[in-house]
Amino acid sequence: QNHHLFQPMLYQVATAALSPSDIASPIRSILRDQRNADVLLGDVTEVLPQERKIRFGDGSTIGYDYLFVATGTRHSYFGHDDWEMLAPGLKNLEDAEEIRRRVLLSFERAERETDPVRRHAHLTFVVVGGGPTGVEVAGALAEIRSYALRRDFRHIDPRDATVMLLEGGPRILPGYPPELSERAKYELRRIGVEVREETMVTDVRPGSVSAAGWTIPTQTVVWAAGNVASSLTRSLGAPLDRAGRVEVEPDCTVPGHPEIFVLGDAAAFRDERMGLLPGICPVAIQMGRYAAQAVMGDLKNRPRRPFTYWDKGQLAVIGRGHAVADIWHLHFGGFLAWLVWIFVHIFFLIGFRNRVIVLLEWGWSYFTYQRGAR
């Protein structure tokens with residue numbers, strides 16, 4: 001792909017709050033003033049560590065002195081890859097556009113459907129996975145139902161739509177403190193989301209989802225239940241964890257290859273204080289800066305220090321004016337957490353244009369209850 005994507009706001013494209021170009025920027029444009037950087041578009045299929053080369057899909061190779069592998073993750077279906085066509089995940093712009101298309105067309109098909117049972121299936125939206133992505137998608141779908149589409153149909157009432165969030169574990173937002181998980185569940189239920197915990201999905205078929213012994217008629221399923229690392233990590237010859245991530249050394253490198261750094265979601269880095277670091281943006285950003293400094297240190301013959309992660313906390317938005325925040329030792333939610341979420345996400349967006357447009361879109365949506373990317 002030719003663009004950098006700000007993944008934390010990808011769910012807003014999937015729920016018609018933002019357009020794809022609002023959260024993506026061309027990589028060539030980002031690096032055009034960095035004269036010592038070349039950008040090549042291609043599919044890397046294999047890393048050849050012994051030869052210090054990478055191989056592209058067309059068979060060509062290119063050598064390297066240092067290699068940074070930051071290929072991220074894709075959604076995992078836990079051995080049921082056939083579910084992907086029926087329950088798309090949310091990892092890139094194509095995923096987001098497909099989910100948006102399915103959500104909006106479900107309302108359109110319900111408008112034409114005369115059979116109440118089939119209409120109910122069109123108006124039932126199931127989100128699988130209670131992590132931050134699942135919580136954010138479920139909250140946004142509830143807002144679309146209650147506000148953006150409320151007066152646009154003649155034969156259905158969009159407010160009759162059902163939004164369900166299914167989590168296989170004992171609580172949603174398992175990476176957050178328990179009190180924030182409870183608050184998030186309360187807020188989701190307050191805006192009309194059915195939250196089902198300890199509800200493991202066992203089957204996904206055309207027109208239905210099976211979970212915890214019962215069948216849910218639905219035509220729209222969003223998958224947010226698991227991640228697996230890029231298959232490229234297998235060619236590194238390094239130990240991998242269950243999700244296919246490379247178990248890196250304290251300096252974020254592949255064991256035995258100090259010239260190969262694995263960063264972000266592709267790395268399984270175990271911190272002495274926090275254990276396995278989560279796959280979130282702050283981890284990837286800090287790893288990237290550390291790796292650059294490590295290489296500059298090598299060129300000056302300075303010994304490498306182990307990577308240390310500064311935990312800045314995490315945020316999850318639930319809906320209009322509501323979010324939960326786990327920042328240092330502060331655990332809070334509500335409108336203040338929502339304002340913090342807005343500031344942080346605007347700050348980390350790449351490009352002045354994107355920041356201005358997103359801020360204007362959010363302001364328009366907040367005061368008019370409309371979604372501008374339908």
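From the list 228, 204, exactly one residue is in a strand (DSSP E or B) and in contact with a Gly (Cβ under 7 Å, 6 or more places away or on another chain). Which is it?
Of the residues listed, the single one that is in a strand (DSSP E or B) and in contact with a Gly (Cβ under 7 Å, 6 or more places away or on another chain) is 228.
Scan the stretch 170-198 residue by residue and report those that are within 25 Å of residue 219 (Cα to Cα), open to solvent by 20 Å² or more (accessible area, probe 1.4 Å) and either assigned to a loop (DSSP other than H, G, I, E, B) or of a type in the set (Val, Ile, Thr) (or both).
191, 192, 197, 198
Every residue, every condition in (1) open to solvent by less than 10 Å² (accessible area, probe 1.4 Å); (2) under 29 Å from residue 1 (Cα atoms), yes or no:
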residue: 61; (1), (2): no, yes
residue: 64; (1), (2): no, yes
residue: 97; (1), (2): no, yes
residue: 107; (1), (2): yes, no
residue: 134; (1), (2): yes, yes
residue: 137; (1), (2): yes, yes
residue: 142; (1), (2): yes, no
residue: 148; (1), (2): yes, no
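From the list 184, 268, 229, which residue is at pLDDT 95 or above, under 22 Å from the mean Cα position of the chain (by Cα) and farther than 21 Å from residue 316 by Cβ?
Step by step, each of 184, 268, 229 is checked, and only 268 is at pLDDT 95 or above, under 22 Å from the mean Cα position of the chain (by Cα) and farther than 21 Å from residue 316 by Cβ.
Hey, which of the strands (runs of 3 or more DSSP E) in the stretch 254-346, taking only ones fully inside, have at least 3 residues that are in contact with a Leu (Cβ under 8 Å, 6 or more places away or on another chain) and open to solvent by less than 40 Å² (accessible area, probe 1.4 Å)?
Correct list: 257-262, 314-319, 322-327.
Taking residue 73 as meeting all but one of (1) farther than 30 Å from residue 193 by Cα; (2) touching a residue at least 60 places away in the same chain (Cβ under 8 Å); (3) of a type in the set (S, T, N, Q), write down the number of the exception.
It is condition (1) that residue 73 fails.
Of all residues in the stretch 292-329, which are within 24 Å of the chain's Cα centre (by Cα) and among the aliphatic types (A, V, I, L, M)?
Of everything in the stretch 292-329, those that are within 24 Å of the chain's Cα centre (by Cα) and among the aliphatic types (A, V, I, L, M) turn out to be 315, 316, 317, 318, 323, 324, 325, 327.
Considering only the stretch 204-221, how many residues are under 18 Å from residue 80 (Cβ atoms), open to solvent by 40 Å² or more (accessible area, probe 1.4 Å) and at pLDDT 95 or above?
3
The values are calculated or read from the model by the stated rules, or taken from the named source; none is laboratory data. None of these values were measured; they are calculated from a predicted model. Counting neighbours? That spans all protein chains shown, and the Cβs are built from the backbone with ideal geometry, glycine included. We work out accessible area using only protein heavy atoms, side chains counted, and drop any ligands, DNA or RNA first. Shrake-Rupley method; radii C 1.70, N 1.55, O 1.52, S 1.80 Å.
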